[in-house]
Amino acid sequence: MEGVCGKPPIRPNPADASQPARGAAIRLRRYLPPVASLAAILAPLWLLEGFHLFQLTVAVIMALAVLGLNIVTGYSGQISLGHGAFFAIGAYVTAALMSHAGWSFWATLPPSAALCGIVGYGVGLPALRLGGLYLALVTFSLAVAVPQLLKHRSLEAWTGGVQGLFLSKPEPPPWLPLDPDQHMYLLAVLVAGCCFWLTSNLVCSRIGLALMAIRDHPVAAEASGMDIAALKTRAFAVSAMITGVAGALSAVTIEYVAPDSFGLPLSITLFVGMVVGGVASVLGPVFGGLFVLFVPSIAESISRATPGVVYGVILIVFLVGMPDGIAGLIRRAAQRIGWSAEDRTT
Amino acid sequence: MPLLEARNVVMRFGGVTAVAGVSFDVEAGQICGLIGPNGAGKTTLFNVVSGIYRPSGGEVRFAGQTITRMPRHRMATLGIGRTFQNLALFRSMTVRGNVIAGAHSGGRSGFLANALSLPSARAEGAAAAERTGELLSLLSLAPLADMRVADLPFGVQKRVEMARALACRPKLLLLDEPAGGLNHAEVDELAELLEQVRAGFDVTILLVEHHMGLVMRVSDKVVALNFGRKIADGPPDEVRASPEVLRAYLGDGQCAEAVHAA
Ligand SMILES: Nc1ncnc2c1ncn2[C@@H]1O[C@H](COP(=O)(O)OP(=O)(O)OP(=O)(O)O)[C@@H](O)[C@H]1O
Ligand SMILES: [Mg+2]
């Protein structure tokens with residue numbers, strides 16, 4: 001939908017109508033951002049090696065997980081403090097199918113996403129009755145419960161109990177001159193790229209507008225013909241699916257799943273990533289993912305004794321300096337120089 | 001057959017009976033004014049007609065169909081659009097976003113079709129955007145289309161609500177005090193707009209209004225409420241002259257003046 005999301009048509013400015021360079025300038029505006037982003041995404045394949053590329057891969061995965069959370073909390077306004085649980089389910093379905101049943105990574109994605117979608121839908125149902133803080137607490141308990149369920153004896157045959165499960169990265173195909181780390185990065189970028197594309201379509205559509213409308217004014221939204229129950233539960237399901245796919249990617253990237261890596265801290269980390277990156281934004285989660293992955297280690301390098309304090313200070317500086325997130329800052333900067341930000345919803 | 005039929009509508013809140021058995025009809029194509037002093041039950045009756053409240057008794061029929069037990073979100077699809085007495089806009093969204101959201105009931109595409117941006121979903125989006133463009137220019141909102149509604153003055157926000165209500169292609173438009181907070185010139189514009197909307201969109205209008213001048217000028221018929229009961233129903237002149245109506249407004253000096261002035 002032209003103009004709702006995104007690029008308001010670039011109108012030639014009458015003031016510079018006579019300048020021959022106009023066409024070139026418009027073309028530059030249109031093509032520079034996507035070309036630059038593509039270059040920025042692919043460059044690390046050659047610029048980074050080993051551990052650094054691995055870290056960046058994890059950042060991409062976190063960005064994807066934050067994107068999932070942003071659909072339900074940012075766009076549809078339902079606070080979830082438990083998205084780590086969906087991440088865990090996605091990771092475990094993929095890990096279990098790969099290590100017990102010998103499935104290929106790609107084959108595990110659909111069942112992994114489907115199970116997360118079903119559980120997400122299930123959580124979305126009580127969410128209809130529980131507003132705001134109560135919903136936050138219900139999802140909070142989900143985040144607390146899931147690691148314990150994963151350790152439970154009755155599931156041990158599948159989950160590996162406290163030990164967790166080991167698996168290995170998919171091998172790069174012989175025709176691709178990449179090592180496994182590069183291949184994994186490319187895989188993560190590809191899967192995440194698809195999810196970002198689908199999400200940006202969704203949030204710019206009548207469905208995305210309806211989610212925001214329900215968040216802003218439920219009574220007026222219903223009077224406009226929006227079925228709140230159906231929209232909210234489906235948003236929950238889609239959100240859980242995306243975060244679950246991120247979990248699946250993380251399982252193969254780290255080649256290991258263990259229950260305690262999916263506890264409450266993960267859920268909170270995703271929440272921090274969403275807020276820092278930009279609530280109700282598709283671009284925001286990219287920065288959110290980078291933030292939650294790299295800022296803790298930056299904090300560690302500044303002060304070995306009190307990295308938590310440094311992290312806290314950096315977080316506060318970010319939130320005070322950019323009240324609508326990194327994406328919000330970029331959006332305003334882009335508006336100031338007259339470029340339309342690709343992320344401007346509604 | 002009237003487009004809208006209210007039959008013995010009763011609405012109680014705990015011990016308060018806000019609407020106490022009101023019946024009236026609105027014929028297709030009419031502009032019907034709904035008047036009454038503060039607290040008479042106009043907004044409550046509106047909320048019953050637009051499905052937001054389930055009445056404690058009685059029923060409402062729209063185009064012959066009983067709508068009082070239907071899910072709220074079905075009203076827009078049936079063809080009932082409304083505005084709110086106290087603005088109810090989607091505040092974080094732009095003017096255009098609000099109006100497109102108002103066209104929601106005109107689409108059918110779901111999560112999957114929109115995520116994949118299937119041609120069906122894109123066509124619906126384009127149709128809604130086109131409709132929105134027309135409404136924005138009709139209501140002189142086009143230059144403000146990309147502004148956040150929360151940043152706009154009250155009178156403009158009221159027009160955005162009207163545009164949003166029209167976006168669902170209503171057969172019946174419910175307007176709750178559209179002139180509230182507007183100045184003289186704006187009220188004149190509003191009166192013209194209402195005529196234009198009725199003619200241009202083939203829509204029936206039920207209008208709650210304290211501004212007597214406006215009600216008497218545009219309405220084909222007027223229904224008057226007091227303490228939740230209907231006290232008059234008929235052509236504007238008759239209702240204005242009705243002793244019951246005069247008495248209802250007497251306690252309220254300002255309104256009585258308004259009645260005489262009109
Ligand atoms: N949700 C509610 N709960 C309890 N009482 C209510 C509720 N809504 C309305 N009332 C009461 O019902 C009566 C009618 O209110 P209503 O808002 O319908 O009046 P109105 O005619 O629209 O008045 P106004 O001209 O001031 O807008 C009032 O006494 C009001 O206090
Ligand atoms: Mg009222």
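The residue that is surrounded by the fewest Cβ atoms within 10 Å (Cβ to Cβ), counting only those in region B:119-138 that are away from every other protein chain (no Cβ under 13 Å) and over 19 Å from the mean Cα position of the chain (by Cα), is B:S137. Close Cβ contacts (under 6 Å, 6 or more residues apart or on different chains) running from residues in region B:206-229 that are free of Cβ contacts under 8 Å to residues at least 40 places away in the same chain to residues that are open to solvent by less than 10 Å² (accessible area, probe 1.4 Å) and within 16 Å of ligand 2 (Cβ to nearest atom) comprise B:L214/B:A179. Scanning region A:255-308 for residues that are over 25 Å from B:A115 (Cβ atoms), of a type in the set (S, T, N, Q) and surrounded by 24 or more Cβ atoms within 10 Å (Cβ to Cβ) yields a total of 0. Taken over region B:85-102, residues that are more than 7 Å from every other protein chain (Cβ to nearest Cβ) and modelled with pLDDT under 95 amount to 3. Considering every residue within region B:139-152, establish whether at least one is assigned to a helix (DSSP H, G or I), within 18 Å of the chain's Cα centre (by Cα) and within 13 Å of another protein chain (Cβ to nearest Cβ). Within region B:139-152, not a single residue is assigned to a helix (DSSP H, G or I), within 18 Å of the chain's Cα centre (by Cα) and within 13 Å of another protein chain (Cβ to nearest Cβ).
Return the residues of region A:72-101 that are of a type in the set (F, W, Y) and more than 20 Å from A:I214 (Cα to Cα); say none if nothing qualifies.
A:F86, A:F87, A:Y92
Please determine, by comparing only the residues of region B:72-83 that are more than 7 Å from chain A (Cβ to nearest Cβ) and part of a loop (DSSP other than H, G, I, E, B), which one is surrounded by the fewest Cβ atoms within 10 Å (Cβ to Cβ).
The residue in question is B:G79.
Of all residues in region B:205-220, exactly one satisfies the criterion of being touching a Gly at 6+ places or on another chain (Cβ under 6 Å) and more than 16 Å from ligand 1 (Cβ to nearest atom), namely B:S219. Looking at (1) part of a helix (DSSP H, G or I); (2) touching a helix residue (DSSP H, G or I) at 6+ places or on another chain (Cβ under 7 Å); (3) surrounded by fewer than 18 Cβ atoms within 10 Å (Cβ to Cβ), can you tell me which one B:E192 breaks? (2) is the only condition that B:E192 fails.
Annotation note: Cβ proximity below 6 Å between a residue of region B:42-60 that is within 14 Å of chain A (Cβ to nearest Cβ) and closer than 17 Å to A:E222 by Cβ and a residue that is more than 13 Å from ligand 1 (Cβ to nearest atom) and part of a helix (DSSP H, G or I) (sequence gap 6+ or interchain) occurs for B:S50/B:M75; B:G51/B:M75. The listed residues are A:L186, A:L202, A:L176, A:L198, and the only one of them that is of a type outside the set (V, I, T), surrounded by fewer than 21 Cβ atoms within 10 Å (Cβ to Cβ) and facing another protein chain (nearest Cβ under 7 Å) turns out to be A:L198.
The values are calculated or read from the model by the stated rules, or taken from the named source; none is laboratory data. It should be emphasised that the depicted structure is a prediction, and the values quoted were computed from it without experimental measurement. Neighbour counts run over all protein chains shown; Cβ positions are idealised from the backbone, glycine included. Ligands, DNA and RNA are stripped out before the accessible areas are found, and what is left, the full protein with its side chains, is counted by its heavy atoms. Shrake-Rupley method; radii C 1.70, N 1.55, O 1.52, S 1.80 Å.
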